[in-house]
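Reviewing the structure listed below.
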Amino acid sequence: MANPILTVHDMSITFPDRNGDLDALDTVSFSVQPREFVCVLGPSGSGKSTLLRILAGLLEPTSGSFTFAGGKPKIGMVFQQSNLMPWRTALENITLPLELQSVQADEAHARAQELIDLVGLQGFESSWPRDLSGGMAQRVAIARALIHDPDILLLDEPFGSLDALTRERMWTELSRIWQRRQKTVLMVTHSISESLFLADRVLVLTQRPGKVKLDLGVDLPRPRADEMRYTAHFGELARRLKEAIG
């Protein structure tokens, strides 16, 4: 087994509150291997999104630590809402990170077009965000997060605002994109089925303050087809996750 690309050790965070301090995470420890897809599952308020924000450098832990192999990595992040700039086309939203890095326009457009093709948005390069469906907007957000070739991709319930059918289609799309790019992914979700369809491992957090209650390996073959969700083994893994969530 390769050395972990991410190691989290006894990490905790407490937020000040006028009614007393709020403990969000409590001594969370785990590691992630290169090119591994890990989902973080747990009840509302268990600190899942807080965990991602700490790893993205948006919050500081109160105690404990996390380290990335090789120093500070390039991180891509996708939130529940696509957060596209309404005055920029789909392609212009995707190129934004490269513009901020002063990459030449021709190179930025070529890399964006490659990602447009990867996420299945051919023909929508000049579309405005208002003209995109929720699923298409999230494809743009995923492409934008990938364009600077991140070492780790952090996904905070990227399909949580989509309807059920679109959400399930996006599972297949994200799985396909991951198979092509083989990025290390850490994804927060509330969905047991989503986590099993996508992940190599699922971490289950407890009620607040979040602790790792279960670290479950997902031994389902890839590529994963929708029919796999109706197998006995998928059902057994889902039962174990449901029991851990409580």
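The values are calculated or read from the model by the stated rules, or taken from the named source; none is laboratory data. In this text the structure is predicted, and so the values were computed from the model without any measurement. Quick reminder, even Gly has a Cβ in these numbers, built from the backbone with ideal geometry, and neighbours come from all protein chains shown.
If I ask for residues that are of a type in the set (S, T, N, Q) and more than 20 Å from ASP226 (Cβ to Cβ), which ones from the range 140-194 would you list? Walk me through how you get there before you give the answer.
Taking the range 140-194 first, the residues of a type in the set (S, T, N, Q) are 161, 166, 172, 175, 179, 182, 184, 189, 191, 193.
Listed by number, the residues that qualify are SER161, GLN182, THR184.
Residues that are over 30 Å from GLU107 (Cα atoms): which strands (runs of 3 or more DSSP E) entirely in the range 1-95 hold 2 or more of them? Step through it out loud before you land on a result.
On the way: elements: 6-15, 22-32, 37-41, 63-68, 75-78.
In the range 1-95, the matching strands (runs of 3 or more DSSP E) lie at 6-15, 22-32, 37-41, 63-68.
Kindly indicate whether any position in the range 139-147 is out of contact with any His (no Cβ under 9 Å at 6 or more places or on another chain), of a type in the set (D, E, K, R) and at positive phi. Let's see the steps before the verdict.
Quick first cut of the range 139-147, residues out of contact with any His (no Cβ under 9 Å at 6 or more places or on another chain) only: 139-147.
Next, only the ones that are of a type in the set (D, E, K, R) stay: 139, 144.
Narrowing the set further to residues that are at positive phi leaves none.
So far as the range 139-147 goes, no, none of its residues is out of contact with any His (no Cβ under 9 Å at 6 or more places or on another chain), of a type in the set (D, E, K, R) and at positive phi.
Does the range 140-186 hold any residues that are at pLDDT below 90, more than 16 Å from ARG222 (Cα to Cα) and basic (Lys, Arg), and which are they?
Hits for the range 140-186 are ARG167, ARG169.
Confirm whether ALA90 is crowded, with 18+ Cβ neighbours inside 10 Å, over 26 Å from SER195 (Cα atoms) and of a type in the set (Gly, Ala, Ser).
It is true that ALA90 is crowded, with 18+ Cβ neighbours inside 10 Å, over 26 Å from SER195 (Cα atoms) and of a type in the set (Gly, Ala, Ser).
Kindly indicate the residue of the range 58-81 that is within 19 Å of the chain's Cα centre (by Cα), crowded, with 16+ Cβ neighbours inside 10 Å and not hydrophobic (A, V, I, L, M, F, W, C) and also nearest to PHE30 (Cα to Cα) among those meeting that condition.
The extreme case among them is GLY76.
Taking the range 177-191 as the search range and keeping residues that are of a type in the set (A, V, I, L, M, F, W, C) and in contact with a Ser or Thr (Cβ under 9 Å, 6 or more places away or on another chain), which one is nearest to LEU121 (Cα to Cα)? Break it down stepwise before answering.
Narrowing the range 177-191 to residues of a type in the set (A, V, I, L, M, F, W, C): 177-178, 185-188.
Filter once more, so that each one left must be in contact with a Ser or Thr (Cβ under 9 Å, 6 or more places away or on another chain): 187-188.
Working: MET187: 23, VAL188: 24 Å.
My answer is MET187.
Going by what's in this entry, would GLN138 be described as in a helix (DSSP H, G or I), closer than 17 Å to PRO97 by Cβ and within 19 Å of the chain's Cα centre (by Cα)? Even if it seems obvious, please write down each step before you answer.
On the way: in a helix (DSSP H, G or I): yes; closer than 17 Å to PRO97 by Cβ: yes; within 19 Å of the chain's Cα centre (by Cα): yes.
Taking the combined requirement at face value, the residue satisfies it.
Out of the residues in the range 158-206 that are among the basic types (Lys, Arg), under 18 Å from ALA141 (Cα atoms) and touching a residue at least 60 places away in the same chain (Cβ under 8 Å), which is surrounded by the most Cβ atoms within 10 Å (Cβ to Cβ)?
For the range 158-206, the residue satisfying everything is LYS183.
Out of the residues in the range 186-201 that are touching a Lys or Arg at 6+ places or on another chain (Cβ under 9 Å) and of a type in the set (A, V, I, L, M, F, W, C), which is nearest to LEU115 (Cα to Cα)?
Ranking the candidates gives LEU198 first.
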